[in-house]
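The values are calculated or read from the model by the stated rules, or taken from the named source; none is laboratory data. From a predicted model like this one, the values you see are computed outputs, not experimental measurements. In this analysis, Cβ positions are derived from the backbone assuming ideal geometry, glycine residues included, and neighbour counts consider all displayed protein chains. Heavy atoms of the whole protein, side chains included, go into the accessibility calculation; ligands, DNA and RNA do not. Shrake-Rupley method; radii C 1.70, N 1.55, O 1.52, S 1.80 Å.
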Amino acid sequence: DSYNSLVDKLPEDETLAASVKKNTDSLNEQGYCELGKIFTDQECEDFCRNLENKICFDSQTPMQSSAAIKFTPPIANSHNYKNAYLSFLPDTTLQFRPLREFLASNELNAIIRRYLKFDAEIYNCVTWYNPKCDLGHYVHRKHRDYDDYRFLVLIVYWSNVGSGATRYVKGSHKSLVNIGEEIHLTGKKGEAYLLDFFGLHSGGKITDNELQ
C-alpha cells in the first residue's frame with residue numbers, strides 16, 4: 001500500500017501535477033494519451049538528417065531483416081521499395097540528445113509510473129522509416145502486443161504523419177472484446193503519444209508521398 005501511494009503521488013508543482021493526472025486518466029480510460037508537441041520542427045529535421053548514411057535494416061524488426069543497409073532517403077522514397085519499414089537500432093536513435101532528455105523528464109516518468117504502478121525502464125528504442133510501398137505488412141492488421149505483464153509504448157513523430165499513422169481501438173486495453181471505436185493517431189512533426197499496446201492497434205499503410 002505504501003508503494004502504491006508513492007507511485008500514485010502527483011508532483012508538487014500544480015501545473016505538472018495537472019498534466020500528469022490528465023494523461024494518466026486518458027491512459028486509463030482510452031488506452032492512450034496525447035502528449036502534444038514535444039520537439040521543435042528544427043529538432044525533428046536534425047533528427048532525420050542524423051539518420052542519413054547510418055546503418056538500418058529492411059524490416060520492422062532487425063532480427064527479421066534480410067540485410068543491413070546504409071540509409072539514404074532516395075532509396076526509401078521509391079514506391080516499389082520491397083519493405084514497408086526500415087528500422088534503426090537504439091544506438092542510432094539515442095544519439096539524439098533532446099530525445100534522451102525527454103525520456104529522462106520528470107513529467108514523462110511520472111505518467112508512466114502512475115499508470116503502470118511500478119518504476120519502469122526502457123527495454124527497446126527504435127526508429128522506423130516508412131517509405132511508400134506497394135506491399136502490405138503484417139502489422140497493418142489489428143493485433144495486441146504481449147511484450148510484458150504491463151508496458152507502455154511511446155510514439156514520437158519526427159515528420160508529419162497521415163496515412164501511416166498508428167490506429168488504436170479506444171478502450172480495448174481494458175477488454176478482450178475486439179470491437180470499439182478505431183482512432184487514427186495522426187500528428188505533426190514533434191508530437192508524441194503514449195499508448196498501452198495490449199489494446200488493439202495496427203500500423204498504417206503509406207498512401208501519400210510524404211516522408212513518415
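Give the residues of the stretch 105-139 that are farther than 18 Å from GLN60 by Cα and either open to solvent by less than 60 Å² (accessible area, probe 1.4 Å) or among the β-branched types (Val, Ile, Thr) (or both), sorted by residue number.
Matches in the stretch 105-139: SER105, LEU108, ASN109, ALA110, ILE111, ILE112, ARG114, TYR115, LEU116, ALA120, ILE122.
Given the residues PHE96, PHE39, PHE102, PHE57, which is the only one that is crowded, with 17+ Cβ neighbours inside 10 Å, modelled with pLDDT of 85 or more and under 13 Å from TYR129 (Cα atoms)?
Going through PHE96, PHE39, PHE102, PHE57 in turn, just one is crowded, with 17+ Cβ neighbours inside 10 Å, modelled with pLDDT of 85 or more and under 13 Å from TYR129 (Cα atoms): PHE57.
One residue is enough: does the stretch 161-171 have a residue meeting the conditions modelled with pLDDT of 90 or more and within 26 Å of THR15 (Cα to Cα)?
Looking through the stretch 161-171, none of the residues is modelled with pLDDT of 90 or more and within 26 Å of THR15 (Cα to Cα).
Look at the stretch 172-193 and say how many of its residues are farther than 26 Å from PRO131 by Cβ and open to solvent by less than 20 Å² (accessible area, probe 1.4 Å). Step through it out loud before you land on a result.
The initial filter retains those residues of the stretch 172-193 that are farther than 26 Å from PRO131 by Cβ, namely 172-181.
Of the ones still in play, those that are also open to solvent by less than 20 Å² (accessible area, probe 1.4 Å) are 172.
Residues flagged as farther than 26 Å from PRO131 by Cβ and open to solvent by less than 20 Å² (accessible area, probe 1.4 Å) within the stretch 172-193 amount to 1.
Spot the failing condition for TYR146; the list is (1) in contact (Cβ under 8 Å) with a residue 60 or more places away in the chain; (2) surrounded by fewer than 18 Cβ atoms within 10 Å (Cβ to Cβ); (3) among the hydroxyl-bearing types (Ser, Thr, Tyr), and only one is missed.
Unmet for TYR146, out of (1) in contact (Cβ under 8 Å) with a residue 60 or more places away in the chain; (2) surrounded by fewer than 18 Cβ atoms within 10 Å (Cβ to Cβ); (3) among the hydroxyl-bearing types (Ser, Thr, Tyr): (1).
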